[in-house]
Every structure is written in structure tokens, then in C-alpha cells.
1. Sort out which residues of the range A:24-49 are in contact (Cβ under 8 Å) with a residue 40 or more places away in the chain and either farther than 16 Å from residue A:141 by Cα or in a loop (DSSP other than H, G, I, E, B) (or both), and write them in order of number.
2. Name the residues in the range A:40-67 that are surrounded by 18 or more Cβ atoms within 10 Å (Cβ to Cβ) and under 18 Å from residue B:19 (Cβ atoms), would you?
3. Against the condition modelled with pLDDT under 75, under 26 Å from the mean Cα position of the chain (by Cα) and within 12 Å of chain A (Cβ to nearest Cβ), how does residue B:53 come out, does it pass?
4. Please name all residue pairs, on different chains or six or more residues apart, with Cβ atoms under 9 Å, provided the first residue is in the range B:229-246 and is within 16 Å of residue B:192 (Cα to Cα) and the second residue is aromatic (Phe, Trp, Tyr) and in a helix (DSSP H, G or I).
5. Which ones in the range B:98-121 are crowded, with 18+ Cβ neighbours inside 10 Å and at the interface with chain A (Cβ under 10 Å from one of its Cβ atoms)?
6. Is the range A:51-58 home to any residue that is touching a Phe, Trp or Tyr at 6+ places or on another chain (Cβ under 8 Å), at pLDDT 75 or above and within 9 Å of chain B (Cβ to nearest Cβ)?
Amino acid sequence: MKHRPPPAVDPGFVEFVAARSAALFRTAVLIVGDRHVAEDLVQGALERAYRHWDRVASMDAPEAYVRRILANLAADHHRRRGRAPLPLPLMDHDGPARDAYPDVDEHDAVIRMLNDLPPRMRAVLVLRYYDDMTEAQIAEALGVSLGTVKSQAARGLAKLREAMVAQKEERTA
Amino acid sequence: MTEIEDILSRALAAEADRHAPPVFNAYRVAAAATAATAKRRFWRRPLFSLVAVAIGAAGAGGAAVLAASDGQHRLADAVTVTIRSRTGSVSPETTDVSVTAWAHNRAVAEGLKDVSATVRHDPWRLQVTGHAADLEALKTFAEPGVLQIRPAVPVPTSAPTQGGVTQACQTSTVKTGTQWPACGRAGDMPVWVTDPVGIDYHVAASRSLVFSQGTDRDIWGVAVTFDDAGARALADFSSRYADQESAILLDGAVVATPDPSGALHGGGVEFAAGPGQRAADLLGAILTTQGPADLEGATVTVSTVSTR
């Protein structure tokens, strides 16, 4: 049997991809709301990182660098494509299912509302509340000022809160 | 954590769990990254024939812009402006992310739509793609907008002039350690700039204002406010050179020669931008979104990407 030797790839990169790609994918999918797009974005971010892997690997936090590329790709993604596609809902909730799984229903509603927000705002919220990044780290990652991150996060949360209240009223009505 | 923050955190965690991550193969990523580099060169070749080539002899520090025929871009087309740093490389602090982020900020500041920026390497270049209608603004991405204030001395009356314009004046942002004759872009406002003392870039904010009433159109100007360090430097500067002329240089060209007892106060400076508010707004945008210093003296090429 002929064996083609695998191309010489830095073992550090192989390890990085194995260890961190899943986490990167989750961030991407939360920001863009579509797993196929997210997969493409992670692939793209990893490719970019690989092209400069010598430099990236010598950084204190290679993951932060790759996440930064990814966050920007994700936040910019919809700018090129127009409006975000809504994620496919897990299931169509009808009345009884709603009552049986209030938590799932609430989460689903939050994610739908999140997807209605502008992409940059969504990126800020995901990085803040999923990746637990600080506001300063987010500002650096997205290349915006700290004030912008604060205001985007505050406005995003306010919109979510508003939508939650509206939805609750609708449900109890 | 507020209630909504808590709900959001939990919802995000739950949503993330729903999406089983695919397996990313490092070897395939590496192969794709390598192939993309090779492929890009290949498929770009025909495009290069379309490139309205513009290779400029970067003059004394100024960005040289050469486009074979700007008029040929149809307004519906997208254009890509490629900006090469003078040396073909950039300093380590100039990361791809910082440059693309800056380009986005500049685009927002100038109200440009659908701008995408990519950094490519070997040699280093920034590619900014946008609407053909915005070409002129896109080309200004090669202008970092370096604002400097330098002490100056009036040009001796014996200096050779032609039609009242001093000859052989230079535009330069580079510190030379000696005096040099500088002037405005139109050859006006000639002064001898004494280097290297002075204040370099410290703009924190800018606003447009009517600078002087023109007979036809008002001349608009920009009032820039310095950051704290800049304001301190400005105070030192104006007391030290209180009895001397000074020059405000924008990208090496003189934009104003304020009397130190007059305009240089209050942590900022004002100078004329040109007729119409748009000129002032644009200059203000450039100054407050200063690009990487590596872009100084960059060359710019323009290529058209037909959208249909």
C-alpha cells in the first residue's frame, strides 16, 4: 500500500486545532447563527493563523489572536450578505410544549432575539457572555473603543430585555 | 449579574451545546492555506491585466497615487485599492487585525459603505475594496494623516522665488534634525521648518467649523483637540516659542502658520481645510482615525472588479 506522508505541519498547530477549534466554532456559531457559515469562518480563521503560525505560536495567547480574527470575520460576515439568516428552530413550539419546557423555550426565544440584533452587537454580547471576555478584550478584538463595546452591550441587553418583556406579556395575554 | 445577563449567559451556553462542533483537520487547514496562497497568485494574473496600474515614485514622504484612468471605473463597479508600504514590510506592532480594524473605522468615519479590508503579506499590502463611486476616498486610506507642529522661521526675502512662490520646498514628515523649507500643497505659505523639536500626532477629536467667510463659498476649517499628552506638549511648545512663528504640518505640507500667541491654545489647534464643509469633515475624519505609520509614503494601485 502506498502511503503518502502527511505534509509537514507544525505539531503545535495540529495540537492547537485539536484543542481549540471546537471552542472557536461555538463562538462563531453563536455570532452568525448558522453552523455551515460558522464552519467556513473557523476554517478561514485557522487558515489565516496557519499562514503566520510562526508568529502566532510565539504569542502569549495564540487563541486570543485566532479568536480575534474569527470575531471580526463573524461580525463582518453579515455586512457583506445583508441580513442574518434566522437559525433553524429546534422545533416548533406549540402551546403545551412551551409549558413543559419553559427553560428551553426561554433560551430559544433569547437566541432568536439575539439574531435580530445587528451583527457587531451580537458579537459583543457573545464574546462578553459566552466567552467571558472583558470589555477591554472585546474592544481590542473587534478594533473598536471601550465606549463602543460598553454602549453596544448595554443597548443589546436593553433590546433583549424589552423583547423578553414584550414576549411575556404576549404569552400571558 | 443582572437577570437578563444571567438569562443570556445560560441561553448562549445552551445554544452552543446544541451545535456539535465538526472536526477540523489541521492538515487540511494547512493544505488549504498553502493552496490558497498559490492559487491566489494564479487566478489573480488575468486580473492584473485589468489593473489600472499605478506605480508611483513616492516623493518626499508623500503617498503617490497612480491610476491609469480613474474615469473608466463604472460607478456600479467595485474597486480594490492596494496600498503597499514603502519598505514592503511593517513593524511588528502593525498587526493585520489592527490595520483592518483601522480601515473599518476610517470607512465608518467617512461614511463609506460596503468597504472590506484585507492585509496580505510578502510583500505587505493592504487591500481595500469598496464602491467605485468612493474611489477618491478609498485612496486616502494611504494617507495616514500625520499632524505635526513645528517651530518655523520666515523664509528670508533673498530666497529664490518664482511668482511669489518659494522654489524647492519639501513636504516631509521625517525628522531630519536640520531646517528645511516647507510649504503648503500649492506652494503657498513658505516657511523654514526647524526640526526636530515640536509636537507630533496627538489628535483626540476634531470638529468642522466655518474658518473664514469667503466671497463665493465659506472656507471651512478643522478644530482638532489633542489628547492629554498632546495638550501638555502644546502648552510647553507655545510658551517656549512664544515669540516665534510656527507651522502646522499635515502629512508634511504646511496647512497653517499660526502666530503662537494666537491659535495655539486650549489643547488644540484650528486650521483651514478648504471651501465647503465636506473638505473639513473629511480632513477631520482622516485626522481622528490616523492610520498605521507604516503607510507613510505608501504606493497605491487601483483595480476594478466588475460586479456583473
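The values are calculated or read from the model by the stated rules, or taken from the named source; none is laboratory data. The shown structure was predicted, so the numbers you read here are calculated from the model rather than taken from an experiment. Please note: Cβ atoms are built from the backbone with ideal geometry, for glycine as well, and neighbour counts cover all protein chains shown.
1. Step one: list which residues in the range A:24-49 are in contact (Cβ under 8 Å) with a residue 40 or more places away in the chain, which gives A:24, A:26-28, A:30-34, A:37.
Within the range A:24-49, A:26, A:30, A:32, A:33, A:34, A:37 qualify.
2. A:41, A:42, A:43, A:44, A:45, A:46, A:67
3. Working: modelled with pLDDT under 75: yes; under 26 Å from the mean Cα position of the chain (by Cα): yes; within 12 Å of chain A (Cβ to nearest Cβ): no.
So residue B:53 fails the test.
4. Close Cβ pairs (under 9 Å, with a partner that is aromatic (Phe, Trp, Tyr) and in a helix (DSSP H, G or I)) amount to B:246/B:237.
5. Filtering the range B:98-121 for residues crowded, with 18+ Cβ neighbours inside 10 Å gives B:99-107, B:110, B:112, B:115, B:117, B:119.
Those that are crowded, with 18+ Cβ neighbours inside 10 Å and at the interface with chain A (Cβ under 10 Å from one of its Cβ atoms): B:99, B:100, B:101, B:102, B:103, B:104, B:105, B:115, B:117, B:119.
6. Of the residues in the range A:51-58, the ones touching a Phe, Trp or Tyr at 6+ places or on another chain (Cβ under 8 Å) are A:53, A:56-57.
Adding the requirement that they be at pLDDT 75 or above leaves A:53, A:56-57.
Remaining after also requiring within 9 Å of chain B (Cβ to nearest Cβ): A:53.
Yes, that holds for at least one residue.
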